[in-house]
Amino acid sequence: MSHRFAPPDYRGASFILSAARVSQCPPDQGIEVAFAGRSNAGKSSAINAICDHRKLARASKTPGRTQQINFFSLAESLRLVDLPGYGFAKVPIEMRKQWGKLVESYLGARRSLAGIVLLMDARHPLKEQDITLIEWVARSNIALHVLLTKSDKLARGPAKATLLGVRRNLGWFPGATVQLFSALSGAGVDEARAVLDKWYTPPCDGAQ
Ligand code: GDP
């Protein structure tokens with residue numbers, strides 16, 4: 001009999017650990033999906049909305065953990081990962097270099113990483129560091145899904161224009177997908193979960 005895979009229960013997410021180095025990450029088994037974006041892009045709010053949890057991503061806001069990779073468990077061997085935010089102009093150059101080293105080595109090393117969800121404020125998409133990250137993701141052969149956040153702050157016309165513009169801009173990235181998202185109104189939460197459901201489905205290789 002075939003074994004049907006059940007999508008993860010996002011509501012059951014729980015914090016595992018924070019890693020300051022790739023060597024501190026949980027064992028590289030199963031499937032994980034990582035969320036990335038500029039500080040203030042709405043990453044914590046999006047993770048909380050997708051997991052229907054008010055304070056799940058709070059760990060990432062704890063001083064000292066903001067520059068770390070935070071891991072959450074959704075089910076056995078299925079993890080959601082909160083990458084440190086970037087883009088603070090005031091952050092010392094050394095700290096920015098640290099961010100780059102940590103994130104680039106994570107992206108390059110992590111075999112269980114099925115995809116990156118990149119969050120960008122719908123009013124300010126595709127800043128320089130977003131593009132740097134997108135290029136790393138492309139180079140690491142990892143899938144990309146973009147959430148254009150805080151879409152409630154834009155009228156329907158400009159929101160649609162931004163969506164189409166970002167899609168066009170990422171046309172070179174094979175398979176990249178883009179959507180509007182609002183943690184405030186809940187718009188786009190189901191669409192985002194549907195992408196995650198697919199990424200969290202183990203490849204069907206016939207092995208049992
Ligand atoms: P992070 O730094 O990327 O984790 O961003 P946060 O989730 O902490 O959000 C940054 C700010 O944007 C906070 O003041 C949030 O209340 C606000 N915010 C986040 N998501 C939304 C949204 O969907 N709509 C609106 N209007 N504000 C949002």
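Pop out the ³J(HN,Hα) list for region 124-135 in order, Karplus 6.51 cos²θ - 1.76 cosθ + 1.60 with θ = phi - 60°, rounded to Hz; leave Gly and Pro as x.
Result, ordered by residue: 9, x, 6, 6, 3, 6, 5, 5, 4, 4, 4, 5 Hz.
Defining a contact as two alpha carbons under 8 Å apart and six or more residues distant in sequence, what relative contact order in percent does the chain show?
Across the chain, relative contact order equals 24 percent.
Report the net charge of residues surrounding VAL91, where surrounding means a beta-carbon distance below 12 angstrom and charges are Lys +1, Arg +1, Asp -1, Glu -1.
+3
Ranked highest first by the average count of other Cβ atoms within 10 Å around their residues, in what order do 42-50, 160-168 fall?
The packing order, highest mean first, is 42-50, 160-168.
Could you work out the Rg to Rh ratio of region 59-118, with Rh taken as the Kirkwood radius (inverse of the mean 1/r over all Cα pairs)?
Rg/Rh: 0.99.
Checking the cross-link filter: which aspartates and glutamates have an alpha carbon closer than 15 Å to that of LYS55, excluding same-chain neighbours under 8 positions apart?
The qualifying aspartates and glutamates are ASP82.
Which is farthest toward the positive dipole end of region 77-208 among PRO202, ALA89, GLY175, measuring Cα position about the Cα centre, with Cβ charges +1 (Lys, Arg) and -1 (Asp, Glu)?
ALA89
Along the charge dipole of region 124-183, which of GLN129, VAL146, ALA159 sits closest to the positive end, that is, farthest toward it, with unit charges on the beta carbon of Lys, Arg, Asp and Glu (+1, +1, -1, -1)?
ALA159
Could you provide, to the nearest whole Å², the per residue accessible area of region 102-141 with probe 1.4 Å?
I get 44 Å² per residue for this part.
With only Lys, Arg, Asp and Glu charged, each at its Cβ (+1 for the first two, -1 for the last two), find how big the charge dipole of the chain is about the Cα centre; round to the nearest 20 debye.
Roughly 620 debye for the chain.
Return the long-range amide H neighbours of VAL146 (sequence gap of 5 or more, or a different chain), with a cut-off of under 5 Å between placed amide H atoms.
Placed amide hydrogens put LEU118, THR177, VAL178, GLN179 under 5 Å from VAL146.
If you roll a 1.4 angstrom probe over the protein chains with everything in place, what fraction of the accessible area of the chain belongs to carbon and sulfur, to the nearest %?
Carbon with sulfur: 52 percent of the solvent-accessible area.
Once the piece of chain linking TRP172 and ARG21 is laid out straight, how much longer is it, given 0.36 nm per residue of separation minus the C-alpha distance between them?
Taking TRP172 through ARG21 to full extension adds about 51.2 nm, to one decimal.
How large is log10 of I(q)/I(0) for the chain at q = 0.16 Å⁻¹ when the intensity is taken from the Debye formula with one equal scatterer per alpha-carbon?
Evaluating at q = 0.16 Å⁻¹ gives log10 I(q)/I(0) of -1.07.
Quick one: if you take sqrt(5λ) for each eigenvalue of the C-alpha gyration tensor of region 7-87, what semi-axes come out, biggest first, whole angstrom?
Largest first, region 7-87 gives 18, 16, 10 Å.
Taking the square root of 5 times each eigenvalue of the Cα gyration tensor, what semi-axes in Å does the equivalent ellipsoid of region 93-141 have, largest first?
They are 19, 16, 9 Å, listed from largest to smallest.
What ranking do 90-98, 105-113 get when scored by the average of other Cβ atoms within 10 Å per residue, highest first?
Result, highest mean first: 105-113, 90-98.
The values are calculated or read from the model by the stated rules, or taken from the named source; none is laboratory data. Small disclaimer: the values here were computed from a predicted structure and weren't measured. Because the Cβ atoms are built from the backbone with ideal geometry, glycine has one as well, and the counts that use them run over all protein chains shown. Protein only, heavy atoms only, side chains kept; ligands, DNA and RNA dropped before computing areas. Shrake-Rupley method; radii C 1.70, N 1.55, O 1.52, S 1.80 Å.
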